[in-house]
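Enquirer: Have a look at this one.
The values are calculated or read from the model by the stated rules, or taken from the named source; none is laboratory data. Note that this is a predicted model, so its numbers are computed, not measured. No Cβ is skipped: glycine too gets one built from the backbone with ideal geometry, and neighbour counts run over all protein chains shown.
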Amino acid sequence: MRRPRYGPTSMRPGKRSAMTRRIQQLDKRLKGSHQETEDWWDLYKDDAGTLYVVHTWSHTSLRTLKDDTGERRVSAEAFLKEDDPKASQARAALRSYLAELG
């Protein structure tokens, strides 16, 4: 499995939005003997200075070989309030990044 080619949906060709740049990868999870469950959390910032997290995933069922891939964009503030245990390290990395900013 491969990570989807593009970053946030707003960066895909043909989409119009403010310029966005990736700040850092917050976390990456690869699970399964064939790494059939992959999740990435990346921090982005747009021209207005707004920080947001993009969660990208690719989960494949080895029994059915069906893919579940997708992408979800959420503000950094909202992401810190979520309680998904899979994203706990990503939230910790975001808190650390924000603490460095002061």
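Enquirer: Go through the range 56-102 and give me each residue that's under 22 Å from residue 45 (Cα atoms), of a type in the set (Lys, Arg) and either at pLDDT below 95 or in a helix (DSSP H, G or I) (or both).
Expert: Matches in the range 56-102: 81, 91, 95.
Enquirer: Sticking with this structure for a sec: If I ask for residues that are surrounded by 12 or more Cβ atoms within 10 Å (Cβ to Cβ) and among the β-branched types (Val, Ile, Thr), which ones from the range 64-84 would you list?
Expert: Listed by number, the residues that qualify are 69, 74.
Enquirer: Where residues in the range 4-55 are aromatic (Phe, Trp, Tyr) and at pLDDT 95 or above, which of them is farthest from residue 75 (Cα to Cα)?
Expert: 40
Enquirer: For the subset of the range 60-102 comprising residues that are among the hydroxyl-bearing types (Ser, Thr, Tyr) and closer than 20 Å to residue 48 by Cα, which member is nearest to the chain's Cα centre (by Cα)?
Expert: My answer is 75.
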